[in-house]
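Since the structure comes first, as structure tokens, the remarks are kept for the end.
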Amino acid sequence: MNRIVRWTLIILGAVFVFIQFVPVDRSNPPVTRLVEAPGPAPMRQVVWSAATNATLLGMLRDAVMSGTGQLADIPGYRVAGKTGTAEKPVGGVYLPDANICSFAAVFPADSPEYVVLIVLDEPEAGPDRGRAASWNAAPTAGAVIQRIAPILGVTPELAAAPLLQERTQL
């Protein structure tokens, strides 16, 4: 949950909001959603500037367009995100042949509304590819986004988004 909370900072424009998961229904597994934590006065805190947030979003979009997150790029949905690959710690040592891989994304990048976090424990290397997040977690996140975006009402926008136009002028 901590990772999701950190990524919501980008969506909320660098404002930290204390949130919690609440059940929407009791199906198996239960469906949950994030809501602002109850209390007399919602606790909010600005953690960095709007300019820093815009820069961060641009860097995350660049990581998807031309970096290790390229396999998460779904045309029209303007995904921004970051891969993470680490050797798995077991018994106080890191195992060189066992990874934990992740890809955290927000979309649409020009006005983020959603966070997707994929974490894979010991993914297998595929033919002609390694076990790094760029080969497994990133494309998984892309597939999830491609599937859920229409359900969430996010329509693909195939014209250049304002964020991308600004980044190319820097």
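The values are calculated or read from the model by the stated rules, or taken from the named source; none is laboratory data. Computed from a predicted structure; not experimentally measured. Side chains are part of the model used for accessible areas, which takes the heavy atoms of the whole protein and leaves out ligands, DNA and RNA. Shrake-Rupley method; radii C 1.70, N 1.55, O 1.52, S 1.80 Å.
Using the 1.4 Å probe convention, the accessible area of the stretch 42-119 works out to 50 Å² per residue with neighbouring protein chains retained. I'd like the distance separating the alpha-carbon centroids of the stretch 84-98 and the stretch 61-80, in whole Å. Cα centres, the stretch 84-98 to the stretch 61-80: 27 Å.
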